[in-house]
Each structure stands twice: as C-alpha cells, then as structure tokens.
Amino acid sequence: MHGRRLGDMTILRALELHTTFDPAAFFPDTTPEDWAPHRHWLEPHAMDPASGHLVLPMQSYVVRTRHHTILVDTCVGNDKHRPTRPRWHMKSDDTYLAALAAHGLAPEDIDFVMCTHMHGDHVGWNTRLVDGRWVPTFPNARYVFSRREYEAWEKGHPKFARDAFEDSVLPVVEAGRAVLVENDHALDDEVWLEPTPGHTPDHVAIRLASNGASGVMCGDLMHCPVQCLYPEWTAWPDWDAALAKRTRRAFLERYADTDTVVCTAHFPLPSSGRVVSDGDGFRFVYDAEW
C-alpha cells in the first residue's frame, strides 16, 4: 500500500483537486513586492508561474493505526452549494471516493472522521446527497468535532457563510454520528487533539505518536510554505488574525528542529516534512514524494 510510515502507523493521502487563489486576495496585507523574492522557490508547485496564483491541494489524510482507520478532514464534497468557488460548486465527480478506493478503502471502512475545523474544504465529504437528503458518507464512523468549534459555528459569524455547517456538519449530528469533544481529547494513546485556535475559533491539530515516531496534522494553521518564514502573514479566512499569528509562531517554535513529521493540508505535494529554523523565521523541508 502506497503511503508514509510513522512508527507502526501508515499515513495515506486522498487528493480531491487543486484550487488556485490570488495571493493578494488570500493574504490581503501583502503586496506583489512581498511575494517577488519568493516566487523562484514557490514556483511551479506552490505558485503558478503564468498567473502568479497560489496553488493549494484539497486533500485528506488517512491514518491507519493498530486500532483504527481514521480520516482527517474530508475536502470539498459533491453537490455542495459553493457559488463563490466555481471548482467546488455543485461538484459531481468520483475523484475523492476513487482516491480512497485506490487505497483499498470503502466508506464503510472508516472508524473515525476527525475534522481540524469546519470550513467547507475540510468537512465537505462528511455527507453526501441521497434521495434529496444529506446523510453521513462514512456510515460506521464516529465524527469527532471540537465542541467549542461546533458552538461557534452554531452561533455564526458575519464574515463566514454557514452553508458548510448546515450541509456537512448538522446532518452528522442529527444522524447521531457526532462526538463533541474538548480540544485536547485523546482518541487513544496514539492519536489526540492539540488546540491551535485562530484560523477558526477552536481549530485543532491532530497529534500522532507510534513506536517512538511522532507527527502532527496542522490543518489550516498555515496555507502556504511562505508562512513558515513569515508567521505573521494572515490569510483572509482567519477568524481571529491576532490569535492565529500567535498560534502559528508557537506551533513553528514547538516543532522546529525536531523529528516530528508535519502533515499540512494545503502545501504542495507531498505536503509533509519537517520545520527547521531559519534566522528569525522557519523553513519547511519536504519529505521525499510518497
């Protein structure tokens, strides 16, 4: 099975698509002059040379432990009303489920779905449309959500639409498949949550440990490898920009120059690697392709 070993675990990837974003719009406090010194190493994988737009993969990770098969985040989904994202809007392809099938996984094989947060590209395949109703895609899974994250989206925020919450989270809760937990919840001795708030009210990272090896799945704590150099660069979807900056720097300081494998959501493939110190900032050193 193609994947990455972490101790006695196997980490697999399910890639749904790539989405491009205008860097000036996605990082509204930056200018073209801020990006110019970095284009040579961002292109072509993290930045499209022709358009200058950022290229972000939309992907999930599957973690196979001694105990469980765990799906971390669930990408964009099909049939979802996302009019501001043309490539996400009312999608109807089989790419995502086929990517899981390529690893020998059917939806019924997933034991837990763990969502780092509740943005649309991280919860989309939580549900699928069956006979006009949203039903859990992974019928045997328990879906692990931060309670504080759930409550924040339940209340809403004027900056963010609730579409994803309503079609990809609420139906899971109504089906009785959700487990609302604190942001340090431990699934077992190998998998637990680490609070990383700011991008959303109770964004979490997923910590992994197995047979002396350690890893962390950081969700949307960072979107682009340039944020390792500049943790203060704020992406527009950050709910609390000041908190996100502090969380990002603390995360980078915590894992820099360690053996912890960092699995990112949106860095270019292979998207995993290690953080190393670089002056006042940090760099991301990618794993070999897997």
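Every number here is computed from the coordinates shown, using simple stated rules; none is lab data. Quick caveat: nothing in here was measured; it's all calculated off a predicted structure. Positions of Cβ are backbone-derived with ideal geometry, glycine not excepted, and every protein chain shown enters the neighbour counts.
Protection proxy ranking for 259-267, 42-50, using the average of other Cβ atoms within 10 Å per residue and placing the highest first: 259-267, 42-50. Look at the Cα gyration tensor of the chain: its axes a ≥ b ≥ c give a/c under 1.5, and that counts as rounded. Once the Cα-Cα distance is subtracted from the 0.36 nm per residue extended length, the LEU15 to GLU289 segment shows a gain of 97.2 nm. Extension gain, ARG254 to ALA98, is 52.5 nm, computed as 0.36 nm per intervening residue step minus the present C-alpha separation. Calculated mean residue ellipticity at 222 nm for the chain: -5000 deg cm²/dmol, from DSSP H runs with n ≥ 4 weighted as -39500 (n - 2.57), summed, divided by the residue count and rounded to 500.
Given a Förster distance of 51 Å, report the FRET efficiency between HIS67 and ASP29 from their Cβ-Cβ distance, rounded to the nearest 0.05.
Given R0 = 51 Å and the Cβ-Cβ separation, E is 0.70.
In what order do PHE145, PHE21 fall by count of nearby beta-carbon atoms within 10 Å, going from fewest to most? It would help to have the intermediate numbers written out before the result.
Numbers: PHE145 26, PHE21 18.
So the ranking, lowest neighbour count to highest, is PHE21, PHE145.
May I ask you to derive the FRET efficiency for ALA50 and ARG147 from their Cβ-Cβ distance with R0 = 41 Å, giving the value to the nearest 0.05?
Working: r = 44 Å, r/R0 = 1.08.
So, using R0 = 41 Å, E works out to roughly 0.40.
For segment 70-113, the list of trypsin sites (Lys or Arg not before Pro) that fall in a loop by DSSP and count at most 10 other C-beta atoms within 10 angstrom is empty.
Among DSSP beta bridges lying fully in the chain, give the percent that are antiparallel, nearest 5. Each step should come with its number before you reach the end.
Details: 43 of 56 bridges.
In the chain, DSSP labels about 75 percent of beta bridges as antiparallel.
Multiplying the residue separation of ASP111 and LYS155 by 0.36 nm and subtracting their alpha-carbon distance yields 12.9 nm.
How big is the charge dipole of segment 1-134 about its Cα centre, in debye rounded to the nearest 20, if each Lys and Arg gets +1 on its Cβ and each Asp and Glu gets -1 on its Cβ?
Details: 13 positive and 17 negative charges, 61 e Å.
My answer is approximately 300 debye.
Modelled this way, with points 7 Å down the Cα-to-C-beta line, the labels at HIS40 and ASP188 are 4.9 nm from one another.
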